[in-house]
Every structure is written in C-alpha cells, then in structure tokens.
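I have placed the structure first, in the form of structure tokens, so that the comments after it can refer back to it.
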Amino acid sequence: MMESMAESPADRQILLIYPDAVGPRMGGVGIRATELAKVLRSYGEVTLAVAQGEGDWDFPLAVFNPHDPRALAPHIERADVVVSRPLWPLAMQMLRRSGARLIFDLYDPETIPTIEHYAGRSQLRRKLMAAFATDRLSESIRIGHHFACIDDSQRDFLLGVMLAEGAISPALYDRDRTLRSVIDVVPFGVDPEPPRRSDHPGIRAAFPEIGPDDEIVLWNGGIWDWFDAPTAIRGVIALAERRPSVKLVFMVSFGPEHRAAHEARTLAEQLRAMGKSVFFSDSWVPYQRRGDWLLDADCAVSTHIEQADFRAFRGRLLDCFWAGLPIVCTEGGDLGRRIEQEGLGIAVPEGDVEAVAAGLEQVLDGGKGAYAEGLRRAAAEFAWTTVSRPLVRFVTSEPDAPRLSRDRIHGRIPSALRSAGYRGVRRCLNLIGLSNWPKA
C-alpha cells in the first residue's frame with residue numbers, strides 16, 4: 001500500500017504509551033513496549049511514554065503519571081499514530097479528542113487479573129477496580145481504530161467483547177469479513193539473534209550452593225497469583241529425592257507484598273528446601289542480562305492454575321525457545337499445546353506434582369540437544385520483527401481508517417430504546433393476531 005506524503009516514514013510521529021517501568025528492571029509490559037518501539041523505529045519517529053523510565057535507548061522516553069497525564073498532552077498533539085494500552089479516564093479523554101490513529105494493545109486487558117490481584121482486600125475496592133478495568137477496555141474499543149492481542153484465543157474473546165459493545169457493524173463486516181484489518185494477533189517475541197554469554201555472572205555465581213554438576217531447572221518469569229509455583233516446588237523436591245542434583249531457581253525477585261511470591265518462599269522454607277533444592281533470586285536480573293541465566297539452566301518449568309483469564313500465552317516461555325531451553329509446563333493454552341505437539345518439552349496436568357517430577361526427569365535425561373532444533377524453529381517464528389507485522393500494518397495503513405465508535409443503531413444506550421419499542425409494538429401485534437410478523 002502506498003503511504004501518503006503526510007505519513008512517510010521520515011515524518012510519521014509514533015507515540016507508544018505503556019504506563020509501566022522501563023529500564024533494567026522490566027516486567028512483561030515494559031519488555032513488550034521497548035521491543036515494539038525498536039521495531040517501529042523503521043516506520044517513523046518513535047517516542048515511548050512510560051510511568052517510570054531510565055537507561056539509554058534508541059528512542060526518547062517520556063515519563064508521565066497515569067493518573068495525572070498532563071505531561072502526555074504535547075506528545076499526543078504531535079502524534080500521527082498512538083499505540084497504547086487502555087489508560088485511565090483522563091488520558092483516554094486526551095486520546096479520544098486527538099486526531100491520531102489509535103491502536104490499542106489489548107494483550108493484557110487487565111479484567112480478570114484485576115479481580116485476582118485484589119483478592120483478599122476490601123470488596124468495595126475490588127469491585128471498583130474491576131469496574132475501572134472493564135471501563136478502560138470498553139472505552140478503548142469505542143474509540144480505537146485497530147487492536148492487537150496476544151493469540152487467537154484472546155482474539156476470539158475480544159471479538160465477543162466488541163460484539164457486545166456494538167463495535168462490529170454490518171458496514172465494518174462488509175469491508176473486511178475476517179476483521180483482521182481491525183484486530184489481529186501480535187504475540188510476545190524474542191530477539192532474532194540467539195543469546196550469547198557475557199562477562200556478567202549467571203546462576204551459579206548467584207548461588208554458590210549450586211555445584212558445577214548440578215542440574216538447574218529455571219522458573220524465568222514472575223510468581224503471579226495465576227501461576228502455580230507450589231506445584232513446581234513440590235515437583236522438584238519430589239524429583240530431588242531420587243535425583244539430588246536437581247535445583248529449582250526462581251529468576252525474578254518480588255517482595256513479600258506479592259502474595260503468590262511470598263507463599264512460594266514460605267512453602268520452600270516449610271519443606272526445608274530453601275537453599276538446598278529451591279532458590280530464589282534476591283535481586284532483579286536485568287533484562288539485558290537474562291541470557292546468562294537462561295544459558296546456565298538445563299530446562300525450564302512454568303506451572304499455572306486454570307482460570308477464566310485470556311493471558312495464558314505466558315510470554316516469558318518464549319525466552320526459553322530463544323535460549324534452546326526445553327520446558328515443562330501446565331497443559332493448555334496456545335503455547336502449552338505447541339510445546340506438547342512440537343516436542344519442545346513436556347506438558348503436564350494442572351496441579352500434578354508427580355507429573356511435574358516425571359516431566360522434568362524426562363527432559364533432563366534427554367538433554368537440551370534433543371529439543372534444540374524444534375526450539376530453534378519456534379524462536380525464529382517468534383522473532384519480534386516477525387510477530388509485529390500486523391502492528392506495522394496498522395501503523396502504516398491509510399490515515400483515514402474509521403474508528404469503531406458505536407453508532408446510534410448499535411450503541412448500548414439505544415439498546416434500551418430498541419427493546420422498549422419492540423415490546424410495545426410486539427404486544428400490539430400479538431393482540432391483533434400477527435404474532436408471526438415480521439418474518440425473517
């Protein structure tokens with residue numbers, strides 16, 4: 001497609017808004033933001049707006065307060081294209097009033113995770129925060145031009161939300177019956193180049209108790225409430241009874257304020273495995289140095305609980321593809337199915353400690369070489385430059401793409417009027433015997 005003169009790569013202003021931390025200590029949001037910004041630099045002048053930012057990047061960082069987003073105003077005014085997560089109402093109002101093409105990254109809608117995160121707190125606060133998360137998702141669908149999601153399962157979920165919001169009109173469907181021009185899959189990705197060891201310390205330097213011949217099982221993501229770290233811990237302890245060389249290492253450090261992380265540490269201590277067969281990093285491994293830890297490991301483990309959450313993609317597992325690290329994970333989800341079907345590791349039933357132990361023993365016996373070719377192919381498929389192609393297509397599309405704002409026919413408010421009108425007319429027709437009219 002030919003690009004307009006007003007939006008050639010030389011002068012296209014692209015603003016990414018991801019209200020999270022960007023720097024050495026990055027979670028999934030910050031990682032995704034920086035990697036997408038690197039890709040989009042080839043298609044315009046990129047600015048990344050974040051809640052916290054540090055470090056030297058190939059693009060400018062703009063720091064703003066998600067609840068007082070006045071610092072965003074000049075960046076939004078200059079932007080031709082905005083790629084953003086759903087934001088709090090003040091910032092969403094700025095986007096709604098802007099003339100920029102709006103692309104919302106819905107890889108983490110925050111709806112179910114918000115309910116999970118506020119478990120154990122006041123019910124009023126929990127309900128309010130869950131309502132705000134839903135409102136942010138709904139508002140993004142009302143005002144956006146395009147949407148990115150993590151996989152086809154999540155896309156199906158979001159298409160359902162869009163239908164419920166009245167955002168899929170007959171005219172939109174007639175323009176594109178696949179709706180890929182509106183919402184498409186942009187998974188997590190990996191660097192196209194495989195990791196290389198640096199002069200920075202890895203796992204064995206961090207934990208002198210782990211010997212040179214010990215076998216390292218790495219949990220390389222966070223310990224969130226929707227994960228099942230206790231099953232991984234119990235599985236490794238069970239395996240260690242017959243295979244003392246096996247050691248489980250949690251790479252990402254969280255404080256006691258994170259419920260699941262605190263419970264995992266407590267369990268390891270109660271089972272007297274802390275510092276023996278189970279280890280937790282007390283410092284955050286910088287994103288740029290994660291390769292040293294991945295390359296030190298013999299396999300990876302990731303267990304989770306089943307829930308009505310559309311984030312089961314588990315993006316940190318892609319780093320295991322990147323490092324050629326076979327995986328034992330809970331079955332289900334797009335990645336779990338792929339790991340099982342393509343021989344990238346072992347998928348096990350939820351909560352099955354013995355299956356985890358047996359799966360780990362199987363991949364350790366096979367060695368990394370047995371899984372190397374499949375993991376290499378998977379990593380190549382998930383290179384950031386490859387997975388971000390739909391986003392690039394959105395960014396470089398015609399500038400007059402229509403927003404999905406709900407029209408008078410499909411809007412939620414008119415639905416009450418439609419229903420009231422139908423009830424009144426229907427009762428009248430029924431009274432005169434025309435219960436079969438109008439026919440479809």
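The values are calculated or read from the model by the stated rules, or taken from the named source; none is laboratory data. These numbers were taken from a predicted model, which means no experiment stands behind them. Backbone-built Cβ (ideal geometry, glycine too); neighbour counts: all protein chains shown. Heads up: the accessible areas ignore ligands, DNA and RNA and are worked out on the full protein's heavy atoms, side chains in. Shrake-Rupley method; radii C 1.70, N 1.55, O 1.52, S 1.80 Å.
Report the equivalent ellipsoid semi-axes for segment 1-116 in whole Å, largest first, defined as the square roots of five times the eigenvalues of the gyration tensor built from alpha carbon atoms.
Working from the Cα gyration tensor, I get semi-axes of 22, 17, 14 Å.
Would you mind telling me the antiparallel percentage of the DSSP bridges in segment 65-168, rounded to 5?
In segment 65-168, approximately 10 percent of DSSP beta bridges are antiparallel ones.
Along the three principal axes, how long is the chain when you take its alpha carbons, biggest first, rounded to the nearest angstrom?
82, 59, 43
Please give the per residue volume of the convex hull enclosing the alpha carbon atoms of segment 295-378, rounded to a whole number of Å³.
That works out to 79 Å³ per residue.
Out of all DSSP beta bridges in the chain, what portion is antiparallel? Express it as a percent rounded to 5.
Antiparallel bridges: around 5 percent, rounded to the nearest 5.
By the gyration tensor of its Cα atoms, with a ≥ b ≥ c the square roots of the eigenvalues, what is the shape of segment 230-383: rounded for a/c under 1.5, prolate for a/b over b/c, or oblate?
Since a/c stays below 1.5, the shape of segment 230-383 is classed as rounded.
Work out the length of the dipole vector of the chain about its Cα centre, built from +1 on the beta-carbon of each Lys and Arg and -1 on the beta-carbon of each Asp and Glu, and round it to the nearest 20 debye.
2000
Can you sort S245, S84 by 1.4 Å-probe accessible area, starting with the largest?
Ranked from most to least accessible, the order is S245, S84.
What's the Kirkwood radius of segment 69-192 in Å, using all Cα pairs?
Every distinct Cα pair counted, the radius reaches 15.7 Å.
Got a sec? Charge dipole of segment 1-147, +1 on Cβ for Lys and Arg, -1 for Asp and Glu; which of A49, L106, Q13 is way out at the positive end?
My answer, from the dipole projection, is L106.
I'd like the projected area of segment 156-258, averaged over all directions, using the convex hull of its alpha carbons. Report it in nm² with one decimal.
Its Cα hull, projected and averaged over all orientations, spans 11.9 nm².
Per the 1.4 Å probe, what fraction of the accessible area of the chain, in percent, lies on carbon and sulfur atoms?
53
Is it possible to state the helix-based mean residue ellipticity at 222 nm for the chain, with each DSSP H run of 4+ residues giving -39500 (n - 2.57), the sum divided by total residues, to the nearest 500 deg cm²/dmol? What is it?
That comes out to -12000 deg cm²/dmol.
Quick one: which residues, 5+ away or cross-chain, put their amide H under 5 Å from the amide H of V246? H built at 1.01 Å from N.
Correct list: E215.
Measure nothing but the geometry: give the 0 to 90° angle between the long axis through the Cα atoms of 28-40 and the longest principal axis through the Cα atoms of the chain, rounded to 10°.
70
As a test question: what accessible area, to the nearest 10 Å², does R121 have when a 1.4 Å probe is rolled over all protein chains in place?
Here the accessible area works out near 90 Å².
Send over a whole-number figure in Å² for the accessible area per residue of the chain, probe 1.4 Å.
So the chain comes to 47 Å² accessible per residue, rounded to a whole number.
For segment 113-120, just list the computed ³J(HN,Hα) in residue order, Karplus coefficients 6.51, -1.76 and 1.60, θ = phi - 60°, integers in Hz, with x standing in for Gly and Pro.
x, 5, 4, 5, 5, 8, 4, x
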